[in-house]
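Report on one structure; see the data block that follows.
The values are calculated or read from the model by the stated rules, or taken from the named source; none is laboratory data. Remember, predicted model here, so these are calculated numbers, not experimental data. Glycine gets a Cβ as well: all are built from the backbone with ideal geometry, and neighbour counts include every protein chain shown. Note: areas computed on protein heavy atoms with side chains; ligands, DNA, RNA excluded. Shrake-Rupley method; radii C 1.70, N 1.55, O 1.52, S 1.80 Å.
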Amino acid sequence: MFEVLTGTGLAASAGLNAYIPLLTMGLLARYTDLIDLPGGWQWLGDGWVLAILAVLLAVEVVADKVPVVDHVNDVIQTVVRPTAGGLAFGAGASSETVTVSDPGSFFSSHQWVPVVAGVVIALGVHLLKSAARPVVNATTAGAGAPVASTAEDVSSVVMSLVAIVLPVLVLVFLVGLVAFLFWFLRRRADRRRERRAARAAGYRV
């Protein structure tokens, strides 16, 4: 169960920022004992891989905070974030963390399952993020983009660490994500009704 929660948290984190969970796992595996990556995922701790991820993260952090550019970045990341989510779930679900005593046992006979699950989870979070960002930009004239992006980056870092160190708290994040989804969909429906009502009032005048 802990393997699933670790993988889920890392994949959800990748849906917000593709590179943070991969970089977090690589750094922790290379410099600490908090996570022990299995043989097939040892490359995440390689120095060159970490350097490349750090550069990509820097580009992502800047691009995601500029209005209009953030939308283009989200389009590009529609492929990158789910891919990163699949990698993060696959590595996290089969790794040995400080919480897991029997790593990988849950998926021992179906190694492709965690990768697909990670892709789906990261894609869902990414689509929610991509749908919410234009609303934030429109309602704040673009001023909310860097604030929202910073909050997403911080959430991604926290979620990655929590998924590795205390995966049970991932459940709290998932509940919050579902609650936010319902609120966001209801808010969009209310805005559409308000626009229709405003148009109808204009026609009557």
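Heavy atoms of the protein only, probe of 1.4 Å, neighbouring chains included. What is the accessible area of Val120 in Å², nearest 10?
Surface open to solvent at Val120 totals about 100 Å².
Going by average Cβ density within 10 Å per residue, which order do the peptides 121-132, 11-22, 30-41 take, highest to lowest? Let's see the in-between values first.
Working: 121-132: 20.2, 11-22: 29.2, 30-41: 14.9.
Peptide ranking by packing, descending: 11-22, 121-132, 30-41.
Given labels modelled 7 Å from the Cα in the Cβ direction, how far is it in nm from Val61 to Val113?
Once both label points are built, they end up 3.7 nm from each other.
Counting only the backbone N, which residues of region 132-167 are under 11 Å from the spot 7 Å out from the Cα of Glu194 toward its beta-carbon?
Counting backbone N atoms under 11 Å from the label point, the list is 139.
Bins of 5 Å, beginning at zero and ending with the bin holding the largest distance: percent of Cα pairs per bin for region 118-192, please.
Values per bin, smallest distances first: 3, 13, 19, 27, 19, 10, 5, 2, 0.
Just to verify a number: FRET efficiency for Leu34 and Ala54, C-beta to C-beta distance, R0 = 22 Å, to 0.05? List each step's numbers first, then the result.
Numbers: r = 19 Å, r/R0 = 0.86.
Rounded to the nearest 0.05, the efficiency is 0.70.
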